[in-house]
1. Can you work out the FRET efficiency for the pair residue 315 and residue 61, with r the C-beta to C-beta distance and R0 = 45 Å, to the nearest 0.05?
2. When you count, for each residue, the other Cβ atoms within 10 Å and take the mean per peptide, how do 92-100, 303-311 rank with the highest first?
3. Report the residues of the stretch 256-272 in range of a label on residue 53: point 7 Å along Cα→C-beta, backbone N strictly under 18 Å from it.
4. With a Cα-only, solvent-free Debye model of the chain, what are the log10 I(q)/I(0) values at q = 0.13 Å⁻¹?
5. Please give the calculated 222 nm ellipticity per residue for the chain, where each DSSP H segment of at least 4 residues contributes -39500 (n - 2.57) and the sum is spread over every residue; nearest 500 deg cm²/dmol?
6. As a test of understanding, state the convex hull volume per residue of the stretch 119-189 from its alpha carbons, in Å³.
7. Looking at the chain as a GNM with Cα springs under 10 Å, which of 91, 74, 145 has the largest mean-square fluctuation?
8. So if R0 is 41 Å, what FRET efficiency would residue 206 and residue 140 give, r being the distance between their Cβ atoms, rounded to the nearest 0.05?
Amino acid sequence: MSVSARPLVAVPDNETDLASLEVVPSRHPWRWVGVAVVLVLLAQFVHGLVTNTGWDWPTFRQYFTADSILRAVGVTIQLTAYGTVLGFALGVVLALMRLSKSPFLQVVSWTYVWAFRSIPLIVQLLFWFNIAYLYQRFDFGVPFGPSFFSFDTKDLIGPMTAAVLGLALHQAAYAAEIVRSGIIAVDHGQLEAAAALGIPRLRQFRRIVLPQAMRSILPNAANEVISLFKGTSVVSVMAIGELFYQAQVIYGRNARVVALLMVATVWYIAMTTLLSVAQYYVERHYAKGALRNVPPTPLQRVRSQYAVLRAKAAR
């Protein structure tokens, strides 16, 4: 066996020779095959949507912007907003309790997360909905002693309040773990360096921990908000007029099941898309601390591609 000392490709001697070489762009034939397969499948799906009368598009158009559906969308947004704000507010408190040096606070936080993650959401909602069966009145006063004032449970916790409580308390358990994971992902050495420089603890958290933790928290938190938005359909078991319940009520009367399910589906897709867009811009904002140049927005990418195409066409 012999080894040749001659190179297989001629190597130019200077920069002038390098400039004379022809640049051949790499080709990806299988990538184009994959694109063609996806486009064909997409075309078949769209063709089925247009030509299959089973989708019942006239009924879809009739109910998509009906007053009852719009009110139901508003109730769904309210449940999502209340559940998100209250859930993450309580979740932050639970995360800080879990990260504290107090064993008592750690145990309380761990027990809460364990309990509310272990019980299915629908079971929690039904417990809150039937809380008046267990406790007819809520008394406020000295524990095991006299009460100063009291409320009837039915007057204090209606169906909407029970739904918000169930969603928020359930969401808090998951939010606590998301916030805690984001905080512990920050290198502890940075806090030690900040402490050595005499930076107060509150400023350490606000200026050092929080911006870095948010980059870990945001993707998971956005997933939870989107899951909560779709999970509000569970409160239909409590006869609250959210989107899915209202669709059920209407197709229970006119038997247009597919069309009404499509109404609910399109509204869920539209609202989830808006949440995803908001997530993108919030993540882009907090990426400033980790990247030298923040990623371009979709509009900036389109403009860049358009400029490249114009430059190629002008040659």
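The values are calculated or read from the model by the stated rules, or taken from the named source; none is laboratory data. On a predicted model such as this, the values are computed, not experimentally measured, just so you know. Here the Cβ is made from the backbone with ideal geometry for all residues, glycine too, and neighbour counts use every protein chain on show. The area values use the complete protein model at the heavy-atom level, side chains included, leaving out ligands, DNA and RNA. Shrake-Rupley method; radii C 1.70, N 1.55, O 1.52, S 1.80 Å.
1. Numbers: r = 48 Å, r/R0 = 1.06.
Step by step, r from the Cβ atoms, then E = 0.40.
2. The densest-packed peptide leads the list: 92-100, 303-311.
3. 256-260
4. -1.17
5. Numbers: 15 runs with 222 residues, N = 315.
About -23000 deg cm²/dmol.
6. Value for the stretch 119-189: 144 Å³ per residue.
7. It is 145.
8. Values: r = 36 Å, r/R0 = 0.87.
Between residue 206 and residue 140 the formula returns 0.70.
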